Structures are given as C-alpha cells and as structure tokens.
Amino acid sequence: MRSTAGISPDVDLIDTLHLGRRHVIAAYLLLGDVPAIIDPGPTVTLPQIMAGLAARGMQITDLGAIVLTHIHLDHAGATGVLVRQHPGLRVYVHERGARHLTAPERLLESARRIYGPLMDVLWGEIAAVPATAISALRGGETLELGGRSLRVLDAPGHAAHHLVYHDPVSGAAWVGDLAGIRLPEQRYAQPATPPPDIDLAAWRASLDRLLDSAPDHMLLTHFGRVDAPAEHLADLWRNTEAWAAIVRDSLAAGDDDAASLARLTQYAAETYRTLPAEVAAEYQHAASLAMSWQGLARYWRKVGASA
Ligand SMILES: [Zn+2]
C-alpha cells in the first residue's frame, strides 16, 4: 500500500496505518531546510514514519522539530521515543500540555482508565520528553522552520491545550482535531469530543479565530486535506451541536449512561448507514463514539453543575 502522498511540493502526508488500517492517523512531514513532523502519532506506528522519511531519502536524525497540535496519544504518543532516538529534536507544544510530556504519569493513568489492557496495542511506549527539548507556546507566536513561517493560534475546544499552525504563504492550516474528522473523498464531518476537557463555547471561538485567518485548506489528522474550510467547519459545527443536544437532552430526561449512549449511537448509525461499510468503520476507528459520548456527558455535567 502506498502510504505517503505529496500534499504540496514541500509537505508529505504519511498514513501511519494504525492497527493496519488506512485513513486513521495522518502525520505531516514538512520538508525544507529544517524538516519537521507535525503530530508524529503513537509509537506503535513509528515504522511508517521511518518509511515516510526513507521515501524522501531521510532518517530521524535529519529532522529538526516535532510540532504538536495537542498531546492526545494518537497525535503525540511517539514524541518521547523520537527525542530519545534524536536528542537534537525541538518539540513545540502548548504550554498547558508541556508538563504532561515531561511527566506523562497522569496522562498515562487517565489513558489507562479509558483503554485498559489495550494501551500497549493501541499506542506502544510513551516516554517522557526532557524539559530541555521543549519550546512551550500559547498562541500568537510565529515559528520559523527553515524558510517557512508558521503562525501559532491558540485553539481550545477539543482540548484545552490545542494549537493550530497556519502557513500564510501556502494557505495550509494544520488543525489537529479542532476540525473534527473527515475521511478522503467523503463529505461527512464527524464530531470528535473525547474527555476530559472538551469545551463547546471555547471550540466555537477557536473555529471563528481559524476562519479569521482565512486558510486556503486544512490538514486534518483524521484524515488528510480539506478544501473549502468554511463549508467543512459549518458542517462540523452543525453535527457537533446535534450530538451535544442529544446527550444534553437525554441526560436532562433522566436517561442513565447506557441509555444516553444508545441514543447517540442510534443517531450516528443513521449517518453511517449512508456510507460504504468500510468508510463507516474508518470513521469509527478514527474517534470512538463511546469516547465522544463520555466527553459530551462530562461537559454537560460540568456546565450544569456550575450554572
Ligand atoms: Zn485529540
């Protein structure tokens, strides 16, 4: 399977083939004077990163930086192992996420609660990143990587420590999970609302900030290039509000957790039925419905509790 594709002359998409499945996790290789990877993915898929580098005649020691949209394990899990293999790497991450890279124990503990015995199969080793390798960001900076300037946008919503990177010259915006999930050649924009810190109000504001930057196209981790950003983000927001309303209303009606999740599952199944079975499975692999339900339920309980 060909798993590296050119997005533009100086950007490659590497399909990390998570658990052998395509279109789940994309990593982006930025070529040029200071080559960098945006969101390398988890350690279990590092062989695909190596293969993507080798396709360009490169190896890890040719990289100058790892640029993280956020620290969820499907985006950033391999960072510590990569820095151990190449201590010259600079790691860019939101200041609110940095401490979880240098001391991943709490992150691991909460991930273990969610994934249990599947942790090792799904993600592999999660190594601490030395503090000296990290450059913490908060949004508003400009990263100079070789000849390229990336504008850093603070983008909370999916996670409190989420960033977006915008290249005003090419018009590309690396949006991580802020723009949800959309598979190649599909129109459906699937919400991605996992625990623990989704925040719908912050998310909406981050989308507006992204739209103000008027990106030409977006590069999603799940999965690939999306043109016409405004249309996609409008779709995503409509779908996210629909999911959020189902969970809010079912909890308000007194549904227990299982019944509330069943309502969301039933609603999502109507969409999946309109897609080819393989594509529907890819959407569900990219972000589990149960996790999105958990994030929304936690959000409404938090909002309700403080209201
Ligand atoms: Zn995420």
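Brief remarks on what is shown
- Residue match in the range 119-138 (condition: over 23 Å from Val83 (Cα atoms) and more than 19 Å from the chain's Cα centre (by Cα)): no
- Options Ile66, Ile25, Ile14: the member that is under 20 Å from Leu122 (Cα atoms), in contact with a strand residue (DSSP E or B) (Cβ under 7 Å, 6 or more places away or on another chain) and at pLDDT 95 or above: Ile14
- Subset of the range 194-213 (residues that are assigned to a loop (DSSP other than H, G, I, E, B) and within 16 Å of the ligand (Cβ to nearest atom)): Pro194, Pro195, Pro196, Asp197, Ile198, Asp199
- Qualifying residue in the range 169-185 (condition: assigned to a loop (DSSP other than H, G, I, E, B), of a type in the set (D, E, K, R) and either in contact with a helix residue (DSSP H, G or I) (Cβ under 6 Å, 6 or more places away or on another chain) or surrounded by fewer than 16 Cβ atoms within 10 Å (Cβ to Cβ) (or both)): yes
- Unmet requirement for Asp154, which otherwise passes all of (1) under 26 Å from Arg204 (Cα atoms); (2) within 15 Å of the ligand (Cβ to nearest atom): (2)
- Candidates Ala228, Ala297, Ala287: the one that is within 19 Å of Ile114 (Cβ to Cβ) and touching a His at 6+ places or on another chain (Cβ under 9 Å) is Ala287.
- Residues of the range 218-240 classified as open to solvent by 10 Å² or more (accessible area, probe 1.4 Å), in a strand (DSSP E or B) and either closer than 22 Å to Pro42 by Cα or polar (S, T, N, Q) (or both), total: 1
- Those residues of the range 118-133 which are open to solvent by less than 50 Å² (accessible area, probe 1.4 Å), more than 23 Å from Gly64 (Cα to Cα) and either touching a residue at least 24 places away in the same chain (Cβ under 8 Å) or touching a strand residue (DSSP E or B) at 6+ places or on another chain (Cβ under 6 Å) (or both), in sequence order: Leu122, Trp123, Gly124
- Highlighted here are the helices (runs of 4 or more DSSP H) found entirely within the range 1-106 that include at least 2 residues which are within 16 Å of the ligand (Cβ to nearest atom) and either free of Cβ contacts under 8 Å to residues at least 60 places away in the same chain or of a type outside the set (Lys, Arg) (or both): 73-76, 95-102.
- Residues (near the ligand (Cβ under 10 Å from one of its atoms) and of a type in the set (D, E, K, R)) located in the range 158-193: Asp177
One line per residue, one yes/no per condition, for (1) touching a His at 6+ places or on another chain (Cβ under 7 Å); (2) open to solvent by less than 10 Å² (accessible area, probe 1.4 Å); (3) more than 14 Å from Ala127 (Cα to Cα); (4) among the hydroxyl-bearing types (Ser, Thr, Tyr):
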position: Thr4; (1), (2), (3), (4): no, no, yes, yes
position: Ile49; (1), (2), (3), (4): no, yes, yes, no
position: Gly52; (1), (2), (3), (4): no, yes, yes, no
position: Gly57; (1), (2), (3), (4): no, no, yes, no
position: His86; (1), (2), (3), (4): no, no, no, no
position: Glu95; (1), (2), (3), (4): no, no, yes, no
position: Arg112; (1), (2), (3), (4): no, no, yes, no
position: Gly116; (1), (2), (3), (4): no, no, yes, no
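The values are calculated or read from the model by the stated rules, or taken from the named source; none is laboratory data. Please read all numbers here as calculations on a predicted model, not as lab measurements. Here the Cβ is made from the backbone with ideal geometry for all residues, glycine too, and neighbour counts use every protein chain on show. Just the protein is used for accessible areas: all its heavy atoms, side chains included, with ligands, DNA and RNA removed. Shrake-Rupley method; radii C 1.70, N 1.55, O 1.52, S 1.80 Å.
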